[in-house]
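Encoded as structure tokens, the structure appears first; notes follow it.
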Amino acid sequence: MRKFGLFALLNEARQGLTLEELTERSPALSHYAVQVLLESALTAGMVCCTDDRFVLSKLGWILLTDPLIAVNIDFNHDVNYLGLHRMEQALLEGKPEGLRVFGDWKTIYEGLSELPDPARESWFRFDHFYSDHSFDEALEIVFAQRPKRLLDVGGNTGRWAARCVDYSPDVHVTIMDLPQQLDMVRRQMADRRGADRIEGYAIDLLDVTAPFPTGADAIWMSQFLDCFSEGEITSIIRRAAEAMTDRTRLYVMETLWDRQSNDIAAFCLTQISLYFTVMANGNSKMYHSDDLIRCIHAGGLEVETIHDGLKGGHSILVCRKPAERS
């Protein structure tokens with residue numbers, strides 16, 4: 001209904017449309033195609049019908065106009081739908097068996113730059129939609145300490161790094177990610193204001209011997225640790241800790257399902273875990289805060305402060321090296 005423009009046609013027709021009128025205005029669809037879609041939408045409560053005239057219901061209007069709905073539907077349809085058929089194999093093997101519908105990669109992150117559209121476009125829209133909403137509040141939290149050098153771990157397309165150099169004229173940002181991701185960032189950052197204060201550091205974070213660069217005042221991980229298993233998180237935190245001084249702070253921004261404001265949000269997040277199981281990497285999830293904090297402690301850091309209630313259901317865990325005890 002949304003993709004073929006039927007919702008939009010009904011939204012424009014305040015007096016509603018008959019089946020025949022809707023078919024006339026939808027030349028790509030047959031009378032049969034419009035009819036089965038309308039009847040499905042009617043019984044789902046997306047449209048209402050009075051005297052053979054169909055009008056958009058409140059639910060249908062939300063499905064048409066709410067950007068969050070569009071992002072979620074497209075992500076599930078374009079990225080997950082075909083691969084979820086392999087859920088049983090993924091659960092048994094501990095590998096993202098559904099990813100095979102797109103390519104022969106160990107994780108989806110290795111193949112992001114090569115994902116076919118619309119899957120690639122829908123993946124990035126989903127990723128950016130949730131993180132971008134929380135950046136304004138996150139910038140205030142991170143830059144309250146006035147960092148001069150910030151390490152952006154798993155910087156993806158560089159949107160956080162760009163916001164940082166816009167926010168502070170003094171900060172220099174190092175984006176640490178896979179080589180192919182850094183190539184994408186360089187292309188997107190070309191000729192952008194502040195690009196001279198953004199650099200890349202190529203790393204395979206699954207390589208437990210790969211060290212973090214030193215010298216950062218702040219280390220940033222946004223929607224990042226949920227891409228790894230608990231053992232991998234502990235390894236990443238341990239290497240971050242080795243690169244930190246007593247003054248360095250690690251900021252971990254995640255959507256923790258137990259710290260949401262309502263049960264619906266918690267439900268949505270735990271269902272997203274199945275995307276990680278089948279499509280992303282086969283072994284990570286949306287974490288309960290207790291599990292994530294346990295990994296942070298095992299990696300040699302302590303949680304100094306937790307900021308809850310950021311937009312998009314995010315929390316920020318501010319971590320530091322434990323104070324030396326005499």
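Details
- Evaluation of Val173 against (1) modelled with pLDDT of 95 or more; (2) open to solvent by less than 20 Å² (accessible area, probe 1.4 Å); (3) more than 22 Å from the chain's Cα centre (by Cα) (one fails), failing number: (3)
- Residue tally, condition under 28 Å from Asp166 (Cα atoms) and either modelled with pLDDT under 95 or not β-branched (Val, Ile, Thr) (or both), over segment 215-248: 18
- Among the conditions (1) closer than 30 Å to Ile69 by Cβ; (2) within 21 Å of the chain's Cα centre (by Cα), Asp166 misses just one, which is (2).
- Taken together, Asp170, Asp166 contain a single residue that is of a type in the set (Asp, Glu) and more than 21 Å from Ser134 (Cα to Cα), which is Asp170.
- Taken over segment 120-154, the criterion of being of a type in the set (Val, Ile, Thr) and either open to solvent by less than 20 Å² (accessible area, probe 1.4 Å) or assigned to a strand (DSSP E or B) (or both) is satisfied by Val142, Val153.
- Residues of segment 65-101 satisfying the condition of being within 24 Å of Lys3 (Cβ to Cβ) and open to solvent by less than 50 Å² (accessible area, probe 1.4 Å): Ile69, Ala70, Val71, Asn72, Asp74, Phe75, Asp78, Val79, Asn80, Gly83, Gly98
- In segment 294-307, the residues that are not assigned by the TED database to the domain that holds Ile233 and polar (S, T, N, Q) never reach a residue that is surrounded by fewer than 16 Cβ atoms within 10 Å (Cβ to Cβ) and in a strand (DSSP E or B) with C-beta atoms less than 7 angstrom apart, at least six apart or across chains.
For (1) among the hydroxyl-bearing types (Ser, Thr, Tyr); (2) touching a strand residue (DSSP E or B) at 6+ places or on another chain (Cβ under 9 Å), each residue gets a yes or a no:
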position: Ser222; (1), (2): yes, yes
position: Ala241; (1), (2): no, yes
position: Asp246; (1), (2): no, yes
position: Asp258; (1), (2): no, no
position: Met279; (1), (2): no, no
position: Gly282; (1), (2): no, no
position: Lys285; (1), (2): no, no
position: Leu301; (1), (2): no, yes
position: Thr305; (1), (2): yes, yes
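- Enumeration of residues in segment 155-170 that are in contact with a strand residue (DSSP E or B) (Cβ under 6 Å, 6 or more places away or on another chain) and either under 14 Å from Asp204 (Cα atoms) or open to solvent by 30 Å² or more (accessible area, probe 1.4 Å) (or both): Gly155
- Highlighted here are the helices (runs of 4 or more DSSP H) found entirely within segment 195-298 that include at least 1 residues which are of a type in the set (Val, Ile, Thr) and open to solvent by less than 30 Å² (accessible area, probe 1.4 Å): 230-243, 289-298.
- Residue ranges of helices (runs of 4 or more DSSP H) in segment 1-105 with at least 2 members polar (S, T, N, Q) and outside the structural domain of Thr277 (by the TED database): 31-43
- Unique match (being over 30 Å from Asp132 (Cβ atoms), open to solvent by 60 Å² or more (accessible area, probe 1.4 Å), modelled with pLDDT of 95 or more and under 36 Å from the mean Cα position of the chain (by Cα)) among Leu9, Leu42: Leu42
- For Leu59, the requirement of being surrounded by 14 or more Cβ atoms within 10 Å (Cβ to Cβ) and more than 27 Å from the chain's Cα centre (by Cα) is not met.
- Selection status of Gln181, in contact (Cβ under 8 Å) with a residue 40 or more places away in the chain and among the polar types (S, T, N, Q): yes
The values are calculated or read from the model by the stated rules, or taken from the named source; none is laboratory data. In this text, all values refer to a predicted model and were calculated from it rather than measured experimentally. Quick reminder, even Gly has a Cβ in these numbers, built from the backbone with ideal geometry, and neighbours come from all protein chains shown. Surface accessibility is based on the protein's heavy atoms, side chains included, excluding ligands, DNA and RNA. Shrake-Rupley method; radii C 1.70, N 1.55, O 1.52, S 1.80 Å.
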